[in-house]
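Novice: Below is a structure I'd like to ask you about.
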Amino acid sequence: MWTSFLISGMVLSNEQSHMAVAESRNIISCACADIASWLSIAAMELHHSLVPPVDMVYYAYKEDLRDAETLLGQPIQQAIASESGIDLVLDSLADIITESEDLSMKVSSLRDMCHKAGLLAIAATDKIKDLAQQLDNLKKNCIEKDAPLCDTLNTNSLHIMMKFDSILQEHQLLELKDLGVINLTQAISEARKEFRTLPSAINMQTEIVRADILQDIENRRQTVHNSARVLSDIVRHLTAELHSLARQFDVGLGRVHKYELWRWIILLVCNICLGFVMMLVLFAMFCGCGNAKIHAKRTLQVSSFCICIFSIILWSLISVIFLIAGHAEVYACQILWDSQQYNTLSKLLDRPSPFLTNNEGVFDVLFEDLNNVTIEVSVKDVLRECERNEPAYTVFQLDKILDVNKETSYFEWDELQDDLKRLLTSIDVGFLKTISDNFNKFLNRILLVSDVNLTKYRMEFNGPVVGKDLPSFVDQLENVAAQVSDLNTAGRLETLATRIQRLHLSNIKPLEQMRTELVFKLTELELQMMPFRRKLNISLSHIHTAQFYIDNQGDVIAQKKVSIFISRLISHTSGWRTHALTAVNEEAARCGPLFAVFAALRTLLCTKYVSALHGWWFCGFLLGFIWCTVFTPLCVKLWRAYNKNLRTLETLTLDSLGQEPGTPATAPCDDNNWSTPGPPPPPRNDSW
């Protein structure tokens, strides 16, 4: 039974080794395809870790630099407005606008009333002159008797004393009326508009330097693209080398398959012969267990002879297979399975390799057709790190080919750093005037013209409208008319008295009422003008304070905001650098698949093929040992035992022929008693 197991094991080992060689072409082809796929994927991952992010950096710079008016100008404007308070100052001018409108209306109303009073005063003056002239004529025509009474009527002060047109001639009030709410509102709007033009002005100031910064990023972007092309060149070269190696392997495997086929046939024939010998031994045992001892003897003789012959063949094959498997184990498998160090493999493949010329290594041969591409890394380091699935960038030290750290060192880009410094110093807010010269002149003009001496006019309007008290003068005329003797003169005096009284009622009384209203309006305007001027002074002071702050701190505020904007730009490149370094050093293109391919080929060679050969010679060794120690002596002993038994049986048969017959059936029969024609029969042999 053990021999059957051993022969079965030899057959299975032979078939397993044959299947391993048969599968080798497909496995190697798949391995080459996997390596080519990994090369493509690794190059793509490294490319995507570096190139698309730098494109995103370029577009981020482009968008931010294009929106400099929003991202840079407006923050500067808001910061200046917030810290200087100019917006609040301009908003506070709304009260000035309201009061200016009210003042303008009151001045306009005052001037209109003065104009009306002036017209009424002119009409009254003409009438008073006419009355005074008539009264003078009457005095001249008085009779001598009434002359003293007529001389008491004095017309020297009979005229309009109040000058209503003085206010109309006041230039300050006229200008204050003209500097109304519309002009002030327009001036404030222009001041706000001028302040709001700050972002566009900053945008224009930085236009050239922003274009230079974007050009710097574009140049670096093209440099990164050009540097990353070396990865594509390496992949194309290695893929071509891999296909060439696959074709060479395919040709070599064709010859190996032929040799393997002969080996498989020889071992299969050997196994069949061994099985045949074991069947002979088995049949001999079956025959020996029965009465066919002579056949068992002959079978054992043949089996012993075959065992001797096939033992020699078996031990020869065992020796050959042992040498092949042993050398493969020592010189290949132990080297490949040295999972801790791979020192021997490294010495065979690293520079200087005993298998290669010119003291080259395996990586030198791989990249000898590529200019300026060298990989100085040990094979053992590659295998150990790929077994841990480390990134290919660190495993193969690709920084000597594509230095991602250097490519992403934006702080070493001199052109970009210089242009960023230019951007920091290119903004000048000294041009910014929160209050323009025209607006300043306008407000100061309002302040100047509002300083009108209204008290003078109010005091003027406090005097009498007419030099004489007309009611008293009317009474005087009536008294004189009653005393004169000339009736004609008395009648004319009464008529003049009536006309003067009518003049007083129709002209002088309205003038007196207008005078009262003008005094009230002047008083009201004077009282309102003082707080208006105070507010205007405060607003002007605040505006000048804000302008002083802008002149002295505007550049500091602008530089702070520019620094924030530059930090925003730098954050794009900093994020790209962090992403690229993290990707290539920790994530992208892990080389675990390369070790998986290496492990698969190692398993194919050692586990499936060499181990199967080990199993064959080990089973053959045990079988040969059993044959030498058990079956061969057993066959000889059985053969001798069967031979001894046969001789003993023949001796017993001969002895029984010389005795008296015991029964008729066993009675001896000699030749003399043979009555049947012909020769007597031969002696009977009952041993088979």
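The values are calculated or read from the model by the stated rules, or taken from the named source; none is laboratory data. What you see is a predicted model; the values in this text were computed from it and never measured. Note that each Cβ is placed from the backbone with ideal geometry, even for glycine, and that neighbours are counted across all protein chains shown. For the accessible areas, the whole protein counts, side chains as well, though only heavy atoms, and no ligand, DNA or RNA atoms are used. Shrake-Rupley method; radii C 1.70, N 1.55, O 1.52, S 1.80 Å.
Novice: Report every pair of residues separated by at least 6 positions or lying on different chains whose Cβ atoms are under 7 Å apart, first residue within segment 345-366 and among the hydroxyl-bearing types (Ser, Thr, Tyr), second in a loop (DSSP other than H, G, I, E, B) and crowded, with 17+ Cβ neighbours inside 10 Å.
Specialist: Sorted first by the residue in segment 345-366, then by its partner, the pairs are Ser346/Ser378; Ser353/Gly361.
Novice: Just the residues that are among the aliphatic types (A, V, I, L, M), open to solvent by less than 60 Å² (accessible area, probe 1.4 Å) and touching a Lys or Arg at 6+ places or on another chain (Cβ under 9 Å), please, taken from segment 1-20.
Specialist: Listed by number, the list holds a single entry, Ala20.
Novice: Residues Leu448, Leu420, Leu443: which one is among the hydrophobic types (A, V, I, L, M, F, W, C), modelled with pLDDT under 80 and open to solvent by less than 70 Å² (accessible area, probe 1.4 Å)?
Specialist: On inspection, the qualifying residue turns out to be Leu443.
Novice: Now, a different point. Which of the residues spanning segment 477-503 are assigned to a helix (DSSP H, G or I) and either in contact with a Phe, Trp or Tyr (Cβ under 9 Å, 6 or more places away or on another chain) or open to solvent by less than 60 Å² (accessible area, probe 1.4 Å) (or both)?
Specialist: Within segment 477-503, Leu477, Val480, Ala481, Thr489, Ala490, Gly491, Leu493, Leu496, Ala497, Ile500, Leu503 meet the criteria.
Novice: Does Lys521 meet the test of being closer than 19 Å to Leu120 by Cα, without any contact (Cβ under 8 Å) to a residue 24 or more places away in the chain and part of a helix (DSSP H, G or I)?
Specialist: In short, no.
Novice: If I filter segment 451-474 down to residues being open to solvent by 80 Å² or more (accessible area, probe 1.4 Å) and free of Cβ contacts under 8 Å to residues at least 12 places away in the same chain, which single residue comes out as farthest from the chain's Cα centre (by Cα)?
Specialist: Checked segment 451-474; the qualifying residue farthest from the chain's Cα centre (by Cα) is Asp469.
Novice: Moving on to the next point. Just to be sure I understand the filter: pairs with C-beta atoms under 7 Å, separated by 6 or more residues or on different chains, first member in segment 387-399 and touching a residue at least 60 places away in the same chain (Cβ under 8 Å), second member among the polar types (S, T, N, Q) and buried (at least 16 other Cβ atoms within 10 Å of the Cβ). Which pairs pass?
Specialist: That search, which allows pairs on different chains as well, returns Pro391/Asn585; Tyr393/Asn585; Thr394/Asn585.
Novice: What number goes with the only condition from (1) touching a residue at least 60 places away in the same chain (Cβ under 8 Å); (2) within 15 Å of Leu110 (Cβ to Cβ) that Leu527 does not pass?
Specialist: Going through (1) touching a residue at least 60 places away in the same chain (Cβ under 8 Å); (2) within 15 Å of Leu110 (Cβ to Cβ) one by one, Leu527 breaks only (1).
Novice: Next up: Only one of Thr223, Thr239 is open to solvent by 50 Å² or more (accessible area, probe 1.4 Å) and of a type in the set (Ser, Thr, Tyr); which?
Specialist: Thr223
Novice: Separate question: Output the helices (runs of 4 or more DSSP H) that fall wholly within segment 379-430 and possess 1 or more residues being within 21 Å of the chain's Cα centre (by Cα), or say none.
Specialist: Here the list reads 404-407, 414-426.
Novice: Which numbered condition in (1) among the charged types (D, E, K, R); (2) free of Cβ contacts under 8 Å to residues at least 40 places away in the same chain; (3) loosely packed, with under 15 Cβ neighbours inside 10 Å; (4) over 30 Å from Gln528 (Cα atoms) is the only one that Asp112 fails?
Specialist: Exception for Asp112: condition (4).
Novice: Now, a different point. Is it true that Phe621 is in contact with a Lys or Arg (Cβ under 9 Å, 6 or more places away or on another chain) and either among the aromatic types (Phe, Trp, Tyr) or buried (at least 18 other Cβ atoms within 10 Å of the Cβ) (or both)?
Specialist: So Phe621 does not fit the description; no.
Novice: Also, quick follow-up: Mind checking which residues of segment 320-340 are open to solvent by less than 80 Å² (accessible area, probe 1.4 Å) and in contact (Cβ under 8 Å) with a residue 24 or more places away in the chain?
Specialist: Across segment 320-340, the qualifying residues are Ile321, Ala325, Ala328, Glu329, Ala332, Cys333, Leu336, Ser339.
Novice: Kindly indicate which of Ser571, Ser506, Ser563 is modelled with pLDDT of 80 or more, assigned to a helix (DSSP H, G or I), of a type in the set (S, T, N, Q) and over 60 Å from the mean Cα position of the chain (by Cα).
Specialist: Ser506
Novice: Answer yes if at least one residue in segment 341-355 is closer than 30 Å to Val57 by Cβ and open to solvent by 20 Å² or more (accessible area, probe 1.4 Å), and no otherwise.
Specialist: No, every residue in segment 341-355 fails to be closer than 30 Å to Val57 by Cβ and open to solvent by 20 Å² or more (accessible area, probe 1.4 Å).
Novice: Here's a follow-up. In segment 79-95, how many are out of contact with any Asp or Glu (no Cβ under 9 Å at 6 or more places or on another chain) and either at pLDDT 80 or above or surrounded by fewer than 18 Cβ atoms within 10 Å (Cβ to Cβ) (or both)?
Specialist: 10
Novice: For segment 606-615, indicate whether the set of residues that are at pLDDT 70 or above, under 26 Å from Ile35 (Cβ atoms), assigned to a helix (DSSP H, G or I) and open to solvent by 60 Å² or more (accessible area, probe 1.4 Å) is non-empty.
Specialist: yes
Novice: Still on this model: In segment 34-44, which residue that is of a type in the set (A, V, I, L, M) and over 18 Å from Arg602 (Cβ atoms) is most open to solvent (accessible area, probe 1.4 Å)?
Specialist: Taking the candidates together, the pick is Met44.
Novice: May I pose another question? Of all residues being surrounded by 15 or more Cβ atoms within 10 Å (Cβ to Cβ) and hydrophobic (A, V, I, L, M, F, W, C) in segment 23-33, which is farthest from Leu623 (Cα to Cα)? Just the residue, please.
Specialist: Result: Cys32.
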